[in-house]
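Below you'll find the structure, written out as structure tokens, and then a few comments.
The values are calculated or read from the model by the stated rules, or taken from the named source; none is laboratory data. The structure displayed is predicted, hence computed values, not measured ones. Here Cβ is always computed from backbone atoms with ideal geometry, including for glycine, and neighbour counts include all displayed protein chains. Side chains are part of the model used for accessible areas, which takes the heavy atoms of the whole protein and leaves out ligands, DNA and RNA. Shrake-Rupley method; radii C 1.70, N 1.55, O 1.52, S 1.80 Å.
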Amino acid sequence: MPGRLRARHHQRHGATHDQRGVSAFSLADRSRTTVAADYDGRLFNSPNDLTVAADGTVYFTDPTYQRGNRPDAMNGVTGVYRVRGGRVELVDGGLRQPNGIALAPDGRTLYVAAMGTNQIFRYPVGADGSIGARTLFASMNGPDGVTIDCAGNLYWASNPDGTVQVYAPSGTRLGTITVGRGTTNAAFGGPDGRTLFITSGTPSSGSGIFSVRLNLPGNPY
């Protein structure tokens with residue numbers, strides 16, 4: 001559930017729970033600028049995960065996990081948003097606790113996990129940026145963070161099961177990577193992009209970063 005940082009050229013984008021928004025961090029001087037502070041004047045719950053399209057559009061999820069006892073300004077909505085041309089748009093306000101989010105390598109499909117219902121949905125993205133109706137992609141236990149490889153295969157962390165479930169773009173499950181309880185997120189890295197790094201752990205057992213070598217590199221972003 002921790003906010004994901006996504007690299008894009010000279011910046012990293014990240015969900016900042018303390019600010020209830022989304023920020024961009026400069027790699028040159030470590031300065032922070034605000035990407036999304038509110039939606040129609042209402043503060044977000046606690047933006048959680050994000051992905052960045054090739055044109056710079058930022059898509060992010062806004063569950064309530066880390067809102068704490070701060071007031072609910074969204075009237076119960078836990079939504080999926082995007083920032084395009086400096087404007088915040090609501091993509092979907094009907095998911096229960098949206099979490100992990102990813103774009104297909106060609107940018108034409110958006111994947112979002114609804115952790116509150118143990119479902120993963122996909123949305124078609126038109127060439128003009130229009131977003132179609134969601135359809136069910138897969139069902140899994142506690143879908144948390146996600147990453148994607150260059151072939152469009154998705155690596156979705158199952159928080160309660162302590163695994164990473166691997167899905168083909170068709171929705172077929174290709175395999176399972178077993179990690180440990182409290183698996184939250186995954187990201188590709190390493191010199192050739194073929195190392196999958198996974199965050200996992202619990203307050204009682206401690207947390208750590210694990211890695212596994214794979215045959216395909218992650219999708220660059």
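With respect to being open to solvent by less than 10 Å² (accessible area, probe 1.4 Å), out of contact with any Leu (no Cβ under 8 Å at 6 or more places or on another chain), closer than 26 Å to L214 by Cβ and without any contact (Cβ under 8 Å) to a residue 40 or more places away in the chain, G142 fits the description.
Table: residues versus (1) closer than 11 Å to V164 by Cβ; (2) touching a Ser or Thr at 6+ places or on another chain (Cβ under 9 Å); (3) in a strand (DSSP E or B).
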position	(1), (2), (3)
R181	no, yes, no
P191	no, no, no
L196	yes, yes, yes
G201	no, yes, yes
G208	no, yes, yes
S211	no, yes, yes
N215	no, no, no
P220	no, no, no
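When the range 76-127 is limited to residues that are more than 19 Å from T147 (Cβ to Cβ) and β-branched (V, I, T), the one that is surrounded by the fewest Cβ atoms within 10 Å (Cβ to Cβ) turns out to be T117.
Number of residues in the range 177-216 that are open to solvent by less than 70 Å² (accessible area, probe 1.4 Å), free of Cβ contacts under 8 Å to residues at least 24 places away in the same chain and under 19 Å from the mean Cα position of the chain (by Cα): the value is 2.
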